[in-house]
Amino acid sequence: MTELTELQKYEFRRSLEEVNKLSGRGTELISLYIPPTRQISDVASYLRNEYSQSSNIKSASTRKNVQAAISSILSRLKNFKRPPENGLVFFVGHRSVGADQTNMVQFVLEPPDPVQTLTYRCDSSFYLVPLQEMLEKKDRYALIVIDRSEATVGMLNGKRIVSLKNLQSLVPSKHGRGGQSARRFERVIEVAAHEYYKKFADIVNEAFLGEKDLKGVLVGGPGPTKEYFVKSEYLHHELQQKIIETFDVGYTDEYGLKELVEKARGTLRSLDLMREKDLVQRLLEEIRKPDGGLAVYGEEQVNNALLIGAVDTLIISEDLRKKKITLSCPSCGTSKELFVADTPDEVMCDKCHSPMKVTDTVDLVEELHKMADANSSTVQFISGESEEGELLLKAFGGVAGILRFRVN
Ligand code: ZN
């Protein structure tokens with residue numbers, strides 16, 4: 001399964017925003033999430049049951065619309081022998097288009113991640129939460145929980161925790177032996193423990209070495225073993241460097257992985273905000289330089305810098321919603337570009353003052369992102385959650401760049 005690129009995610013997010021705007025007159029919009037593991041025939045009989053339930057709906061028009069939507073999904077389902085790799089999502093219903101008018105809309109989507117549970121919703125708007133969650137940042141972390149008797153390695157991928165391997169140690173307990181052989185026995189124990197740590201480290205190395213997008217390693221466990229394991233540097237040095245912190249957790253099995261993520265939540269959140277802060281701070285430092293430094297901001301300036309390949313890092317606010325429209329003058333042939341939230345009703349030509357014609361409209365973020373890709377510039381999206389993110393949107397129009405070289 002391939003991950004969506006930032007640009008694809010952005011496009012997906014924008015289409016969800018469009019779906020989100022649709023509303024029904026009554027509770028008659030149907031959202032259906034089908035997991036890849038469900039049999040189509042199961043889903044069909046579930047829907048037929050909903051269909052007969054819907055005969056209890058009091059409003060005749062709502063009842064009619066709900067039943068039409070269910071029938072439409074049922075007939076679409078016939079095209080599938082089984083759900084696709086990640087399952088299926090349906091949004092079907094009569095949306096209101098004013099003055100008591102409705103028309104039927106149907107969206108069938110293959111989601112970017114597997115649908116987890118069969119979900120059926122009938123409401124006055126479409127239910128988008130599971131899809132929105134799939135689009136959230138998917139940073140990967142290695143998870144380790146360990147004590148002397150057991151260790152488990154897993155992966156945090158966005159919000160999903162995957163347990164990869166559990167290792168039971170064969171290290172004998174220290175208790176219950178005394179007398180003459182006690183000393184020798186202790187050495188045996190230490191050798192066994194060392195072998196166990198080494199074996200577990202090999203498993204972790206194999207799972208994560210060469211994983212380029214790994215953001216960090218989190219380590220947990222109930223006792224001092226986790227610190228010992230970290231201090232003794234059992235892991236490959238590349239992974240060793242990525243260890244973020246150790247956390248006290250009660251378990252060393254799959255449940256321990258969940259507990260570890262829970263405990264690390266605050267740390268991870270601040271790491272993410274830290275990245276955004278650092279980036280905007282770097283931008284501000286450049287701007288503060290007397291010669292303007294290597295900074296550029298504002299849609300037009302950034303657009304121009306991208307055109308000549310001068311942008312090293314493009315910084316875009318996640319909340320930026322603008323269009324780039326191209327206009328041309330039918331009388332004198334002049335053309336120009338505008339960056340706007342909404343297309344204006346009329347734009348006059350600067351030269352001859354005749355009304356201009358819109359020849360092209362593109363989404364600004366998509367456009368800038370594509371230009372950046374063409375020049376191998378790095379693109380960083382910044383949330384509005386940090387003070388710096390807010391500053392980017394309010395003071396710099398939501399788009400800025402750090403330059404490879406200065407432009408005038
Ligand atoms: Zn003109």
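The values are calculated or read from the model by the stated rules, or taken from the named source; none is laboratory data. If you're wondering where the values come from, they're calculated on a predicted model, not measured in any experiment. Heads up, the Cβs are rebuilt from the backbone with ideal geometry, glycines too, and the neighbour counts pull from every protein chain shown. Keep in mind that these areas ignore ligands, DNA and RNA; they rest on the heavy atoms of the full protein, side chains included. Shrake-Rupley method; radii C 1.70, N 1.55, O 1.52, S 1.80 Å.
Suppose every K and R has +1 on its Cβ and every D and E has -1 on its Cβ; what is the size of the dipole of segment 301-376 about the Cα centre, in Debye to the nearest 20?
280 debye
With a 10 Å radius around each residue's Cβ, average the other Cβ atoms per peptide and rank 256-262, 89-95, highest first.
89-95, 256-262
Among 311, 344, 379, which residue has its Cα furthest toward the positive end of the charge dipole of segment 250-408, with +1 on Lys/Arg Cβ and -1 on Asp/Glu Cβ?
Among 311, 344, 379, the one farthest towards the positive end of the dipole of segment 250-408 is 311.
Which order do 277, 165 take when ranked by solvent-accessible area (1.4 Å probe, heavy atoms of all protein chains), largest first?
Result of the area sort, largest leading: 165, 277.
Which whole-number percent gives the relative contact order of segment 80-191, counting Cα pairs below 8 Å spaced six or more residues apart?
Relative contact order here is 14 percent.
For segment 27-39, just list the computed ³J(HN,Hα) in residue order, Karplus coefficients 6.51, -1.76 and 1.60, θ = phi - 60°, integers in Hz, with x standing in for Gly and Pro.
Karplus values, whole Hz, x for Gly and Pro: 7, 9, 9, 9, 10, 9, 10, 10, x, x, 8, 7, 7.
What is the chain's relative contact order, in percent, from Cα pairs under 8 angstrom and six or more apart in sequence?
13 percent
Counting only residues 5 or more places away or on other chains, whose amide H sits under 5 Å from the amide H of residue 93 once H atoms are built in the peptide plane?
Counting only residues 5 or more places away or on other chains, the set is 30, 105.
Suppose every K and R has +1 on its Cβ and every D and E has -1 on its Cβ; what is the size of the dipole of the chain about the Cα centre, in Debye to the nearest 20?
1160 debye
Return the single residue from 105, 249, 311 with maximal mean-square fluctuation; model: Gaussian network over the chain, springs between Cα atoms under 10 Å.
So, out of 105, 249, 311, the one fluctuating most is 105.
Out of residues 5 or more away from residue 102 or on other chains, whose amide H comes under 5 Å of its own, with H placed 1.01 Å from N in the peptide plane?
97
What does the accessible area of residue 136 come to, in Å² to the nearest 10, when a probe of 1.4 Å is used?
Around 80 Å² of this residue is reachable by solvent.
Could you pull the accessible area for residue 331 with a 1.4 Å probe, rounded to 10 Å²?
So the heavy atoms of residue 331 present about 80 Å² to solvent.
Using a Gaussian network model of the chain with C-alpha springs under 10 Å, which one of 56, 205, 166 is most mobile by mean-square fluctuation?
Highest fluctuation of the listed residues: 56.
Using only protein heavy atoms and a 1.4 Å probe, report how much of residue 332 is accessible, in Å² to the nearest 10.
Looks like 60 Å² after rounding.
Classify the chain as rounded, prolate or oblate from the Cα gyration tensor: take a ≥ b ≥ c as the square roots of its eigenvalues, call it rounded if a/c is under 1.5, otherwise prolate when a/b beats b/c and oblate if not.
Verdict is oblate for the chain.
Can you tell me the orientation of helix 364-374 relative to the chain, as the angle in degrees between its alpha-carbon axis and the longest Cα principal axis, to the nearest 10?
Taking Cα atoms only, the helix is inclined about 60 degrees.
In what sequence, highest mean first, do 287-295, 386-394 appear when ranked by Cβ atoms within 10 angstrom?
Ranked by mean Cβ neighbours within 10 Å, highest first: 386-394, 287-295.
Strictly over 27 Å apart at the Cα level, which of 9/277; 322/357; 21/64; 159/198 would you flag in this model?
Values: 9/277 22 Å; 322/357 19 Å; 21/64 22 Å; 159/198 29 Å.
In this structure, 159/198 exceed 27 Å between Cα atoms.
List, in order, the whole-Hz ³J(HN,Hα) value for each residue of segment 273-290 obtained from phi through the Karplus relation with A = 6.51, B = -1.76, C = 1.60 and θ = phi - 60°; use x for Gly and Pro.
Coupling constants for segment 273-290: 5, 4, 4, 5, 4, 4, 5, 5, 4, 4, 4, 4, 4, 5, 4, 5, 4, x Hz.
So if each residue of separation counts as 0.36 nm, and I subtract the Cα-Cα distance between residue 376 and residue 188, what length gain in nm does that give?
Fully extending the segment from residue 376 to residue 188 adds 62.1 nm.
Could you tell me which residue out of 229, 117, 144 lies farthest along the dipole of the chain toward its positive end? Charges go on the beta carbon: Lys and Arg +1, Asp and Glu -1, centred on the Cα centre.
With unit charges placed on the Cβ atoms, the residue in question is 117.
Hey, can you grab everything whose amide H is under 5 Å from the amide H of residue 323? Only 5+ residues off in sequence or another chain; H modelled, so Pro and N-termini drop out.
Excluding prolines and chain starts, which carry no amide H, the hits are 340, 341, 364.
If you plug each phi of segment 148-160 into the Karplus form 6.51 cos²θ - 1.76 cosθ + 1.60 with θ = phi - 60°, what whole-Hz ³J(HN,Hα) values come out, in order, with x for Gly and Pro?
With coefficients 6.51, -1.76 and 1.60, one gets 6, 9, 7, 9, 9, 10, x, 10, 9, 10, x, 9, 8 Hz.
Sorted by accessible area with a 1.4 angstrom probe, largest first, how do 160, 14, 48 fall?
The ranking, largest first, comes out as 48, 160, 14.
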